[in-house]
């Protein structure tokens, strides 16, 4: 009897090892027996984001875009309903290695859509978790906001720093090639790398304006559970100048009680303001003197209701400091955005947000957007 049991046990062990070796995936297909990977795991999926808001200036002499006006100005729009983002994303999976991603923002048609509507348009090749390649138009991984999903917005908008560095070609949507993946193996401290090369003259531009290219790199390490730090560096050109940019960031979260969670992110960047330098006429200053720097901290306190219709509520207040020309003409901008978010569906699939964006400049410039302002907003966003 013992010999029969041992024989059965040996048979089951051999059978189990054979099943593991065959690498049957979740679709029930034996990967080792596939003779043609042309349509293996082929699929197509759609996703989108609709973000609409009501905005009202709390200053009598500042419009909803933050521009100061006087009594002679023809445009005195201090409140409006707005469509900020109407995004449609299409992902097509060819097989287990190749996929493509396309994303449009149809809200840009309400303004000047030139070079704006098409956002993502890239092909991705995945060899393993250690090596991925994407080519086309995408956001280089140059900080926290590039690593976050484009359809998850936790407050009024991205940081002012994001748009300033994007304007000089350091981040936001660019055309080029990127590689990324995990450095370490399972069980080790997670370290992830990102590197790439791109034109550096922003999205939807048919050709590069010169033969120079932008190069960037990022290292990201999870030092402890839910504690991630990252460092970034880049060199490149835009218009008539060549420069560099660098930065560091941290993301962490901590469960405080049964239903409370605190998340905190912070980021610092310093770089050549290539867009500003390119706009100078006549006697241009030294390129090394045209630099910008900034940082922000973004704490988020979440309470989980876990009700069928109301999943959670978030309280946040992002503080940001930015100076776009701190060496030549120092005029720092401070931005504080207290915000409350009611989350009606998990993972921000339905969210109502309200808050105030408070902007304070070191020096006001009359009849411009460089002017102290306070903007109230009520924002509804739905992912699908």
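Computed from Cα atoms, the angle from the helix 2-22 axis to the main principal axis of the chain rounds to 40 degrees.
Among 108-119, 52-63, 144-155, what's the highest-first ranking by average C-beta atoms within 10 angstrom per residue?
Working: 108-119: 13.6, 52-63: 16.8, 144-155: 18.7.
Top to bottom by mean Cβ count within 10 Å: 144-155, 52-63, 108-119.
Placing a label point 7 Å from the Cα of residue 304 along the Cα-to-Cβ direction, the residues of region 233-266 whose backbone N falls under 14 Å of that point are 254-263. Only DSSP H runs of four or more residues enter the estimate; each adds -39500 (n - 2.57), and after division by the residues of the chain the mean residue ellipticity at 222 nm equals -3000 deg cm²/dmol. On full extension, the segment bounded by residue 365 and residue 79 gains 100.8 nm, given 0.36 nm per residue less the C-alpha separation.
Here region 116-226 is treated as a Stokes sphere of Kirkwood radius computed over C-alpha pairs; at 4 °C and 1.567 mPa s its diffusion coefficient rounds to 86 µm²/s.
Of all DSSP-defined beta bridges confined to the chain, some 100% are antiparallel rather than parallel. Residue 336 label point, 7 Å along Cα→Cβ, cut-off 18 Å on backbone N: hits in region 262-297? Residues 295-297 fall inside that zone.
If I take R0 = 41 Å and measure r between the Cβ atoms of residue 210 and residue 95 in this structure, what FRET efficiency does the formula 1/(1 + (r/R0)^6) give, to the nearest 0.05? Let's see the in-between values first.
Details: r = 37 Å, r/R0 = 0.91.
Using R0 = 41 Å, I get an efficiency of 0.65.
Model label sites at residue 152 and residue 289, defined 7 Å from Cα along the beta-carbon direction, differ in position by 4.4 nm. Computed FRET efficiency, Cβ-Cβ of residue 33 and residue 179, R0 25 Å: what is it to the nearest 0.05? Working from the Cβ atoms, E equals 0.20. Highest mean packing first, where packing is the average number of other Cβ atoms within 10 Å per residue, the peptides 321-330, 235-244 line up as 235-244, 321-330. Most tightly packed first, judged by the mean number of other beta-carbon atoms within 10 Å of their residues, the peptides 74-83, 134-143, 335-344 read 134-143, 335-344, 74-83. First check a/c for region 38-383, with a ≥ b ≥ c the square roots of the eigenvalues of its C-alpha gyration tensor; if it is under 1.5, answer rounded, and if not, answer prolate when a/b is larger than b/c or oblate otherwise. Since a/c stays below 1.5, the shape of region 38-383 is classed as rounded.
Just so you know, all these numbers are worked out from the coordinates, no wet-lab data involved. Small disclaimer: the values here were computed from a predicted structure and weren't measured. Positions of Cβ are backbone-derived with ideal geometry, glycine not excepted, and every protein chain shown enters the neighbour counts.
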